[in-house]
Amino acid sequence: MFNFSFDKKILYIVIAILVFASLAQYLTNPGLLFILLASIPGVLVAITFHEFAHGLAAYKLGDNTAKNEGRLSLNPFAHLDPIGTLMLVFAGFGWGKPVHVNPRKLY
């Protein structure tokens, strides 16, 4: 079986490169910084509702894992992944913290 692993240092180097490239863009074009700041509330609401919906759907189908982990909440801090949030700000794509689902508990 193929075993894939990588050093986290590579991920941190890629993130640092993206951060510096984004900062250079924001410093040369102040309009981009305004667009970034204006879009943050909408993105927070979207990620929060998206991950909450995953947990709610699993809960309605009989899996209480998300509720037990405190992820069945509309609190944005329960759904933000630190690396995913940084990538969203500096690279233009990102992700929220995945909601765990136990398929054995689904009806």
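The values are calculated or read from the model by the stated rules, or taken from the named source; none is laboratory data. Note that the coordinates shown come from a computational prediction; the quantities given were computed from them, not determined experimentally. Reconstructed Cβ throughout: ideal geometry from the backbone, glycine too, with neighbour counts over all protein chains shown.
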Checklist outcome for this item: Residues of segment 60-83 being more than 24 Å from Leu106 (Cβ to Cβ) and without any contact (Cβ under 8 Å) to a residue 12 or more places away in the chain, in sequence order, are Phe77, Pro82
Item to check | Among (1) exposed (fewer than 14 other Cβ atoms within 10 Å of the Cβ); (2) at pLDDT 90 or above; (3) hydroxyl-bearing (Ser, Thr, Tyr), the one test that Thr65 misses | outcome: (1)
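Each row is one residue, and each column tells you yes or no for (1) among the small types (Gly, Ala, Ser); (2) over 30 Å from Ile13 (Cβ atoms); (3) under 11 Å from the mean Cα position of the chain (by Cα).
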position	(1), (2), (3)
Ala24	yes, no, no
Leu33	no, no, no
Leu36	no, no, no
His50	no, no, yes
Ala58	yes, yes, no
Asp63	no, yes, no
Ala91	yes, no, no
Val101	no, yes, no
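Yes/no matrix, rows are residues, columns are (1) out of contact with any strand residue (DSSP E or B) (no Cβ under 9 Å at 6 or more places or on another chain); (2) touching a residue at least 60 places away in the same chain (Cβ under 8 Å); (3) part of a helix (DSSP H, G or I); (4) surrounded by fewer than 11 Cβ atoms within 10 Å (Cβ to Cβ):
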residue: Gly42; (1), (2), (3), (4): yes, no, yes, yes
residue: Thr48; (1), (2), (3), (4): no, no, yes, no
residue: Ala58; (1), (2), (3), (4): yes, no, yes, no
residue: Thr85; (1), (2), (3), (4): no, no, yes, no
residue: Phe90; (1), (2), (3), (4): yes, yes, yes, no
